[in-house]
Structures are given as C-alpha cells and as structure tokens.
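Taking it in order: structure first as structure tokens, then the write-up.
The values are calculated or read from the model by the stated rules, or taken from the named source; none is laboratory data. In this text, all values refer to a predicted model and were calculated from it rather than measured experimentally. Every residue, glycine among them, receives a Cβ derived from its backbone with ideal geometry; neighbour counts consider all protein chains shown. Heads up: the accessible areas ignore ligands, DNA and RNA and are worked out on the full protein's heavy atoms, side chains in. Shrake-Rupley method; radii C 1.70, N 1.55, O 1.52, S 1.80 Å.
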Amino acid sequence: MSMWYDDIGDPDLYNRDDFLRILGGNFNRIEAYRDQITNCNQYLIEQFYKGHPIKQLLYKRAWFVDQMLTEAWRGFVNDDNLALVAVGGYGRGELHPYSDIDIMILCKVKLKPANQKQIEAYITFLWDVGFNVGHSVRTIKDCYKESRADVTIATNLMESRLVVGNRDLYSEMIEITGPKNVWSPRKFFQAKLAEQIARHQKYDDTDYKLEPNIKEGPGGLRDIQTIDWVAKRHFGANRLSQLVDHGFLTPSEYDALAAGRAFLWQVRFALHIMTGRREDRLLFDHQRNVAKIFGFESGDNSAVEQFMKSYYRTVRELNRLNEMLLQHFQEAILYARHKEKIVPINKRFQIRNDFLEVRNDRTFVLYPIALLEMFLIMQQHSQIKGVRAQTIRMVRENLRLIDDKFRNDLSNQSLFLEIMRQPKRVGHELRRMHRYGVLGAYLPVFSRIEGLMQFDLFHIYTVDEHILFVIQNMRLFNQEEYVEKFPHCRKILRSIPKQEILYLAGVFHDIAKGRDEGNHSELGAEDALEFCRRHRMPEFDSRLVAWLVRNHLIMSRTAQRKDINDPDVVNAFAAQIRDVMHLRYLYLLTVADISGTNPKIWNNWKASLIAELFIKTIRALRRGLENPIDKNERIREVKNKALELIGHARYEEKELEDFWSSLGEDYFIRYSAEEIAWHTQAIMHAREDKLPIISFQEETILGGTGIFIYMHNHDGIFSRVTSAMGHLGLNIVDARIITSAHGYTLDTYIVLEESGETVHGRERLKEIRDRLRDALGALDKPVKPINRIKSRKLRNFPIPTQVNFSLDTANNHTIMEVISTDRPGFLSRIGLALESHAISLKTAKVATFGERVEDIFFITDRKNNMITDDARITALKDSIIELLEHF
C-alpha cells in the first residue's frame, strides 16, 4: 500500500459494515452508492470549512473512492487475473471534489468476451452512481508498448496504484514500465523539461495572469508534479520530502514547497465546491468568493487584491523552486556523466558546465555588488544556459543585503544602469531579477506593484508583469521577425540616442498604479525623476524619462479619441511633444505599452493609427510649431493628390470639382487622398437606380477593411448599418459620415473581424454587401436586436454608462463622449438615440479597451450647428443611458 494511505481511513466518512447492511446483499443498488457519495462530499466540504489539512481531505476522498470502486468491483467482476489500477491524480491519492477518476483495467492477455461484458457493466455502473470515470483496458504488453511511445502514459503508470485485484500482475506492469525498460531517468527528464517549457509558453511564460490556471500555468500544481515525477523516476522517491534527504532542498525550501502546494490545493478545492464541477481557472467570477473563503472580505476590490497578491507570491516562489530543482536535476541527471568544465570569469563568478555560479559560499556577503553583477554577466555571456541551483538559493538568502546603503552606492547604481544599457537580454534579465526577488529589493517602488491586480477588462496581467512585457516588446522591436508586427519600430529604435532611457520609462510608466495619492502618470514621473537623479544620470536624460512617464498615454488617447486628420488636432499634439526626439521615444513607449497590456488587442488597425499620428506629427514638427499647417493648405494637398490617384484622363477636372464642391471643406479634412479617390471613382461609376453604393477596400492604409456607403440621406442609416455589422460579427473601429449639399450621405466605416483581422474572401464580402443592402432597404422597419450571451467578464466589471458633452467651436461640432461596457449592438443603440432626437452624426471615434468602451461622437443638429441647448443635451444623455443600461 502507498505511504499516503497510512491512517487515512475515517469511519465517519465511510463504514463498510454499515454500507453492506444498506446494500442488503444487492451489490448494484445505485441509490445506495449515490447517497454515500453525497454524504462524502458534504462531510469533506464541512471539514474543509473547519480548516482541516487539505492533504488529508484529498487523500480521504481518494480512500473513499477506493472503497466504492472496490465494493462495486467485487459485485461485477469475478476474475482473479484482473487488476483495477488508479492512475493520474487518483493514482497519487489527490482527489478534489469533482476531479476525474482515472482508472485502468489491467489484464494479462486480451479480455475474454465474458470479462468484457463484466467490465462494461462495471464502468456503466460507476457512471450511473455519479463518478466521472476515465478508463482504459490494457494488457501488460499494451502498457509496455504505449508507455514506451508516450511519456505521458509512462508517467501515469509510474504514479499508479493498485486499488483491487491481482497484485502480482500489477507488480509485473510496474517493473516492465520502469526506468530500466522504458524512459531512462535521463530521457524522462529531457521529455518532462520540454513538456514544461511548451506548457509555460502556452501561458505566455507568466504566472501573473489576472485569470490564472492554478494547475497548468507557470508556478502551478503541474510544475510541482513535474518535480515529483522526475524525483520518482530518478531516485525512486515517493515523497517530495525525500528531496531534502538527497540534498536538493533545504528543510525551509521543502516547507515553502509543501505550503505552496497546500495553498494551491485549497484554492482548487474551493473552486470545485463553488462551481460544482472540475475547475482549475481562477476566473474573475470566482475570485471574490474564493477570497472570502480565505478570510479576505471587504466591500470593494481590496479583498480580491489582497487574496490575489497572496496567490501571486505563492506561485512566484513555487516557480523559483521549480527552476532551482530542475537545475539541480539537470546537474544530477544530464551532466552526471560529463567531464566537469569550469571557466573562471572573475574572482566572484565562474561557469560550471555552461551554468553560472559563485566561486565560494560567501561571495555575496563579501561582495554584495555581485547580486547585480550576475545579471550583467548573463547578458554578456550568451553561452551561459542558466544559473546553478545553489547560486539561486544564495541570492534569495542574501536579499537582505540590498538595503538603502546598497541602493545609494555609486558602484551598484552604475552597474544597474549598465544592465539597462546592454544591447542584448535586457528584458530577459529584468524578468530573472524579478523572479529571484532582486528587482523588487533594488527598486522598492517596484515591490509595491508586484502581484497588483488591474481591475479592468483591458489588461490581462498584473502591473509588474505588464511592465516586464512592455520591456520585452521594446527588445523585440529590433528583431527582424517582428518588423511586420511592429512597423517602423525597428528603424525608430535605432535612431534614438540612448535606449536605456526608453527602458527606464517602461519600468516606471505604471509603477505608481494602485496608489490613492493621485494620478499614476504624475506620481510615476516623480518616482522616475528621483531614481534618475539618484543614479546621477544627466539632467536632460532624467527629465526625458520623467516626461515620457508623465505623458505615456497621450499618444494613444490622441490617436484613438481625436480626429487626427484635423490639422488643428495634429498641431496641438505636436505642441505637447515639442521635438522629434521626444516623439520617437514616445512612439516606441506607446506601441510597447499597448501591445503589452493584452497581445490580442494589438492589430494592424492600431499599428497604422499610431503610425499615422507619428508621421503627421513629424511633418508638423519639421515644418515648425510657429508655422502650422492650415486647413486650406491641407485641402489643396489632398485634392491634388486625389487627382493624381484618379488620373486626369478619366474625368474632366471641372466635373470632379463640381462634385467635390458639394461635399464641403470638412470632407477633405477628414479623409485621406486615397479614400477620396476611392469614394469618387465609386460614385462617378454609379447610376441613380443602383443606389445604395456599397464599396470595399479589403485593406486600407490604416490596416482595417473599409466599407463605403453612398445613398440618399436618411436618419436611420447609422443605426441600421451598425446593427447589420453587429449581426455579422464585425468590429467597427472608425466611422465617418458626410452629407453632401445635394442630400446624399457618404459613410465610411473601418471594420475588423472579431479575430482582429481584416475581412477577406469574396464570399464574406458578398455576405456583408447583401446584409447591408437588406438593412438599408428597410429603413422604415425597427432595428433587429442583437441577442448574444453577455460576456461572463462583464458581470465582474460593470461599467456605469457615462455621457459627457463638450463644444468644438472651431469645427462647429458638439463632442459627445460615451463610456460604458462594450456589448453587441452598442453603436446601433447610440444611432437610435441620435435618430430619436434629430441629431446628425459627423464622425465616430471608436475606442474599446478590453470590454470598456470610450467612444467619441462628433454631432450637430440637422442644420449642422453645435448643440448647445442644455435641455436637449440632458434628454439625449438620458436616452442613451436608458438604451444602454436596459440592453
């Protein structure tokens, strides 16, 4: 019997005599088994809430399942040459309330028909009583063959356990699938290491996601199991505590490992009982209730924040222990046969078999600067594969040496800046510094945001992890394979004089998140300036870092919330930037920041939008802030370029001028020459009886797919078009509407598929065209509502609808800002509200951050004048809130 089984039997959980009395000789009484299972679940849940050790609860559930499966086996199966074997988590004795029960029927040879029927009836019975059973039937030969081909099967068999049946048969299987016959410790370790690397990559190599997977994510239960499996394969260890005996863990490290595993087991147990199913994801839906179970309660988000900080601290420590132990295993398993090769670097460090280590146990005590120096060495020696386990341990043991005296030491400050100046591995080593605890120790302001949640639907990482991803993105800018993803960035990165300024701005841009004292950009700028001056950086550089931190949001906000075709907007933005160098740094920081919040939100549309603002601002700065582009000049340039694109031979210039004069000056401000040429050619080809015109640009210069609609103006066009696009699953990222003097509307939409890609394919474009024609042919009919299941995330992050108004007197527009939760049909509802109040929409700037909408609408009355009447504005605001909140 496995060692975990000792002293697990609990008569309050299950009493065989009582159960047999209930069965009354009828071994297949389904209700009797179901009652036992229900009583078991209730008993263990009560024990959980009373604070009983989680390990005992898991083992007791496995023990209980053993009793149930054994009693049923005795009733259904009457062949002594078979064995019932527990595998997977059940084999380890780690059963949560709704974990699958994985079993294997082991036989000497292929089952006889009579046995086959018995097994089928047995498995069916287990399902009928309420067990989620995963089963296989294998011969000894099958086990050998399949385990040899698949390390996962070999792992399952290695941690298996006999429940009932032929013990000799089971022992034979264990022997034939053991390390002497299949998957030697060396090959097993290599396979498991590769498996873990692939699994971590699936979760972005971070244990700091806002909705972590506690089983499969980095630092999760699977990492602990990987250690357990390797130890068992190599040493024959049945308990993790035996790693202390083998010298791989100190007693305190084992305690941390055991405590971390117990914490994750508790979280997983809580998730199971809360959801009534197997659940390994710590979703927003569950975090508040799990936090409450762990004793964190409050009326706001602070309880969740405190609980999740505890979670992140735990998984970071487990991740570090996992790294250290796997490094130990590499040394003991992979390098055991190698001739030891030692290459001295300096009096503090050397390379042993491709891994960095300190030269003696007192290196960090004698030379505290080595706590930073090791990361510089890792940057400068690309042949080093990692840090030796004992050195990692010593770093953690000596973090106390990083105090104020250490931080104010000129040598240490110079060394930290040297790390930031390196041409390679800046992001990689900052992440290692974070993992080992050095970054938070050296930058106390950084330690304040370690594991800090971001309560929105835009970010998917904690604040500290987001910062590290921003730095990582900055490093990717210089790599050939990322040129397409980050256009212009490689060229611009190479043009800035000091890249460390950019990286420091990345470190500090969100470092003041979560503080109540004020705006995080302003507070972060103060922290950045203090850091730079303390590190004796030139005053210009220090102020530049602080300026970038203070203004890190203005480029994305301008591009996504204002009309960057308007010269006045560009000129005002250029005045904030001041010069080309500031612009280049800010552009790189903006791109890295947006793409570092959530990889899924960075797409060609956003890339093109930010790039267009960059290019236009460059032109404005080079022209001189004292000599801004005026609207008349802009209109002349656009018209001339549009004429070139159309071609003078195709249309008479007077014919074009007559048509263009009906569109007004605003049209030539808000559209590019390429768009004007596209519109013009589509309209000039059209016949009156063929309206509406629906024309496509599969990929515009801004990265999305353009849809142009030309027809007689009607109040309901916007609401119907946006509704149809919503039904088609299209994401509208830009909408511009012009009404000609002759009563026609020219509407241009930039759209993306839900995946963030442009629209492709003749069939898809035909589907869109047909659906739009149907919608525009039924303008007198009500808008068809979009009925989709509300995103689960929205339940946890409700965003009250806000509607704000301001006046754009220069352009005679009223600006309406709507902040709310994104949902299908959002723009259509806005359109209905505008329609009901006789208000014209001129432009919509659509900006969605996760599930948060911050859309800007430029509106006028039907006479193209600003809306200034307070009563009318209040009525419109009330209508929008009503339509959105009662969706």
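Given (1) more than 27 Å from Thr848 (Cβ to Cβ); (2) without any contact (Cβ under 8 Å) to a residue 40 or more places away in the chain, identify the lone condition not met by Glu674.
Result: Glu674 passes all but (1).
Would you check if there is a residue in the stretch 390-405 being closer than 27 Å to Lys341 by Cβ, charged (D, E, K, R), touching a His at 6+ places or on another chain (Cβ under 9 Å) and at pLDDT below 95?
no
Just the residues that are open to solvent by less than 50 Å² (accessible area, probe 1.4 Å) and in contact (Cβ under 8 Å) with a residue 12 or more places away in the chain, please, taken from the stretch 238-258.
Of everything in the stretch 238-258, those that are open to solvent by less than 50 Å² (accessible area, probe 1.4 Å) and in contact (Cβ under 8 Å) with a residue 12 or more places away in the chain turn out to be Leu240, Ser241, Leu243, Phe248, Leu249, Thr250, Glu253, Tyr254, Ala256, Leu257, Ala258.
Among the helices (runs of 4 or more DSSP H) confined wholly to the stretch 482-577, which include 2 or more residues that are under 31 Å from the mean Cα position of the chain (by Cα) and either at positive phi or of a type in the set (Ser, Thr, Tyr) (or both)?
On the way: elements: 489-493, 499-508, 520-534, 539-550, 554-561, 567-577.
Result: 554-561.
Cβ-Cβ below 6 Å, separation at least six or inter-chain, first residue in the stretch 198-226 and among the small types (Gly, Ala, Ser), second part of a loop (DSSP other than H, G, I, E, B): which pairs?
Gly217/Tyr203; Gly217/Asp207; Gly219/Asp207; Gly220/Ile214
Between a first residue in the stretch 108-135 that is closer than 26 Å to Arg277 by Cβ and assigned to a loop (DSSP other than H, G, I, E, B) and a second residue that is at pLDDT 90 or above and open to solvent by less than 40 Å² (accessible area, probe 1.4 Å), which pairs have beta carbons less than 7 Å apart while being 6 or more apart in sequence or on different chains?
Qualifying pairs under 7 Å: Gly130/Ile37; Phe131/Ile101; Asn132/Ile101.
Restricting the search to the stretch 426-451, which residues are outside any helix (DSSP H, G or I), open to solvent by 10 Å² or more (accessible area, probe 1.4 Å) and under 18 Å from Pro212 (Cβ atoms)?
Glu450
Evaluate the stretch 713-721: report whether one residue or more is modelled with pLDDT of 90 or more, under 36 Å from the mean Cα position of the chain (by Cα), surrounded by fewer than 21 Cβ atoms within 10 Å (Cβ to Cβ) and not in a loop (DSSP other than H, G, I, E, B).
no
Cβ contacts < 9 Å: first residue of a type in the set (Ser, Thr, Tyr), restricted to the stretch 855-867; second residue buried (at least 16 other Cβ atoms within 10 Å of the Cβ) and outside any strand (DSSP E or B), any location; separation 6+ or different chain. Result?
The qualifying pairs are Thr860/Met866; Thr860/Ile867.
Can you pull out the residues in the stretch 166-199 that are in contact with a helix residue (DSSP H, G or I) (Cβ under 6 Å, 6 or more places away or on another chain), open to solvent by less than 40 Å² (accessible area, probe 1.4 Å) and over 15 Å from Glu146 (Cα atoms)?
Across the stretch 166-199, the qualifying residues are Pro185, Phe189, Ala191, Lys192, Gln196.
Specify the residue that is least open to solvent (accessible area, probe 1.4 Å); the eligible residues are those in the stretch 821-832 that are out of contact with any strand residue (DSSP E or B) (no Cβ under 8 Å at 6 or more places or on another chain) and part of a helix (DSSP H, G or I). Give the steps one after another, and end with the answer.
Looking only at the stretch 821-832, we keep the residues that are out of contact with any strand residue (DSSP E or B) (no Cβ under 8 Å at 6 or more places or on another chain), and these are 823-825, 828-829, 832.
Those left that are additionally part of a helix (DSSP H, G or I): 828-829, 832.
Details: Ser828: 6, Arg829: 63, Leu832: 51 Å².
The residue in question is Ser828.
Out of the helices (runs of 4 or more DSSP H) lying entirely within the stretch 136-241, which hold 2 or more residues that are under 30 Å from Ala291 (Cα atoms)? I'd like the intermediate steps shown before the answer.
Working: elements: 140-149, 151-158, 167-176, 185-202, 221-235.
The qualifying helices (runs of 4 or more DSSP H) are 185-202, 221-235.
How many residues are in a helix (DSSP H, G or I), closer than 20 Å to Phe416 by Cα and open to solvent by 40 Å² or more (accessible area, probe 1.4 Å) when one looks only at the stretch 375-400?
Qualifying residue count, the stretch 375-400: 3.
Which ones in the stretch 7-37 are under 49 Å from the mean Cα position of the chain (by Cα), surrounded by fewer than 11 Cβ atoms within 10 Å (Cβ to Cβ) and assigned to a loop (DSSP other than H, G, I, E, B)?
Within the stretch 7-37, Asp7, Pro11, Asp12 qualify.
So, of the residues in the stretch 664-690 that are part of a loop (DSSP other than H, G, I, E, B) and open to solvent by 10 Å² or more (accessible area, probe 1.4 Å), which turns out to be modelled with the lowest pLDDT? Spell out the reasoning first.
Step one: of the stretch 664-690, the residues part of a loop (DSSP other than H, G, I, E, B) are 664, 671-672, 685-687.
Next, only the ones that are open to solvent by 10 Å² or more (accessible area, probe 1.4 Å) stay: 664, 672, 685-687.
Numbers: Gly664: 83, Ser672: 87, His685: 76, Ala686: 73, Arg687: 65.
My answer is Arg687.
For Leu95, indicate whether it is surrounded by 18 or more Cβ atoms within 10 Å (Cβ to Cβ), without any contact (Cβ under 8 Å) to a residue 60 or more places away in the chain and under 17 Å from Gln36 (Cα atoms). Spell out the reasoning first.
Working: surrounded by 18 or more Cβ atoms within 10 Å (Cβ to Cβ): yes; without any contact (Cβ under 8 Å) to a residue 60 or more places away in the chain: yes; under 17 Å from Gln36 (Cα atoms): yes.
So Leu95 fits the description; yes.
Hey, can you tell me all the residues within the stretch 841-887 that are basic (Lys, Arg), modelled with pLDDT of 85 or more and crowded, with 18+ Cβ neighbours inside 10 Å? Let's see the steps before the verdict.
Our first condition is that a residue be basic (Lys, Arg); within the stretch 841-887, this holds for 842, 845, 852, 862-863, 872, 877.
The next check asks that each one be modelled with pLDDT of 85 or more; those that pass are 862-863, 872, 877.
The one that is basic (Lys, Arg), modelled with pLDDT of 85 or more and crowded, with 18+ Cβ neighbours inside 10 Å: Lys877.
Taking Gln350 as the residue in question, decide whether it is under 22 Å from His434 (Cα atoms), at pLDDT 95 or above and surrounded by fewer than 20 Cβ atoms within 10 Å (Cβ to Cβ).
Here the answer is no, as Gln350 does not meet what is asked.
Output the residue which, of all residues in the stretch 291-312 that are among the hydrophobic types (A, V, I, L, M, F, W, C) and part of a loop (DSSP other than H, G, I, E, B), is surrounded by the fewest Cβ atoms within 10 Å (Cβ to Cβ). Talk me through it step by step, then tell me what you get.
So in the stretch 291-312, the residues among the hydrophobic types (A, V, I, L, M, F, W, C) come out as 291, 293-294, 296, 303-304, 307-308.
Going one step further and asking which of them are part of a loop (DSSP other than H, G, I, E, B), we end up with 294, 296.
On the way: Phe294: 16, Phe296: 19.
Residue satisfying both the conditions and the ranking: Phe294.
Yes or no: the stretch 405-425 includes at least one residue that is open to solvent by 10 Å² or more (accessible area, probe 1.4 Å) and over 20 Å from Leu504 (Cα atoms).
yes
Could you list, in sequence order, all residues of the stretch 434-450 that are closer than 23 Å to Glu526 by Cβ and either touching a residue at least 40 places away in the same chain (Cβ under 8 Å) or under 23 Å from the mean Cα position of the chain (by Cα) (or both)?
Taking the stretch 434-450 as the starting set, the residues that turn out to be closer than 23 Å to Glu526 by Cβ are 434, 439-450.
His434, Leu439, Gly440, Ala441, Tyr442, Leu443, Val445, Phe446, Ser447, Arg448, Ile449, Glu450, listed by residue number.
Filter the stretch 459-481 down to residues that are in a loop (DSSP other than H, G, I, E, B) and under 22 Å from Ala303 (Cβ atoms) and give me whichever is most open to solvent (accessible area, probe 1.4 Å). Can you show your working first?
As a first pass, look at the stretch 459-481 and keep what is in a loop (DSSP other than H, G, I, E, B): 459-460, 462, 477-479.
Now restrict to residues that are under 22 Å from Ala303 (Cβ atoms): 459-460, 462.
Values: His459: 20, Ile460: 40, Thr462: 0 Å².
Out of the qualifying residues, it is Ile460.
Could you give me the residue pairs with C-beta distances under 6 Å whose first residue belongs to the stretch 364-391 and is without any contact (Cβ under 8 Å) to a residue 40 or more places away in the chain, whose second residue is open to solvent by 50 Å² or more (accessible area, probe 1.4 Å) and not aliphatic (A, V, I, L, M) wherever it lies, and which are 6+ apart or on separate chains?
As it stands, the answer is Lys385/Asp354, since those pairs meet every condition given.
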